[in-house]
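To keep things clear, I will list the structure first and then write my remarks on it.
The values are calculated or read from the model by the stated rules, or taken from the named source; none is laboratory data. Here the structure is a predicted model, which means the values were calculated and not measured. Using ideal geometry, Cβ is built from the backbone for each residue, glycine included, and neighbour counts are taken over all protein chains shown.
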């Protein structure tokens, strides 16, 4: 088998790449979206590592008590260098998403978000459980 200029068999590289495909592996987005959640005063602070992403690549959505963070990165496969086409580009391209239950009482305007140096930070209040009034049913 012929080796490329780096000393690796192209067949070996293709074979290895095939088994790195999400179809063959457990595609776990937690590897890409490392998250720390801390409790401070009456709030939770969520820090999520999103290296290589820009602010425009990241979306946060609140629906039915779930806070969902989605990051999407697109690159063109048609990019060329001065000598021709790339043989291999090892940059992540795709979409990843994580959801966290924050409670039904948290509203969109309660959540503060910032994105700096590849870290998304979201601050939101702890779910406030109000005291329910006892309601009696009239028995006929």
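Filtered by the rule that a residue be at pLDDT 90 or above and assigned to a strand (DSSP E or B), region 75-114 gives 96, 97, 98, 99, 100, 101, 112, 113, 114. Can you say whether residue 72 is in contact with a helix residue (DSSP H, G or I) (Cβ under 7 Å, 6 or more places away or on another chain), under 21 Å from residue 35 (Cα atoms) and either in a strand (DSSP E or B) or at pLDDT 80 or above (or both), as far as the supplied structure shows? Answer is yes for this residue.
Residue 39: closer than 26 Å to residue 108 by Cα, at pLDDT 85 or above and either outside any strand (DSSP E or B) or touching a helix residue (DSSP H, G or I) at 6+ places or on another chain (Cβ under 8 Å) (or both), yes or no? No.
If you filter region 47-62 down to residues that are touching a strand residue (DSSP E or B) at 6+ places or on another chain (Cβ under 6 Å) and assigned to a loop (DSSP other than H, G, I, E, B), you find that the one that is nearest to residue 32 (Cα to Cα) is 50.
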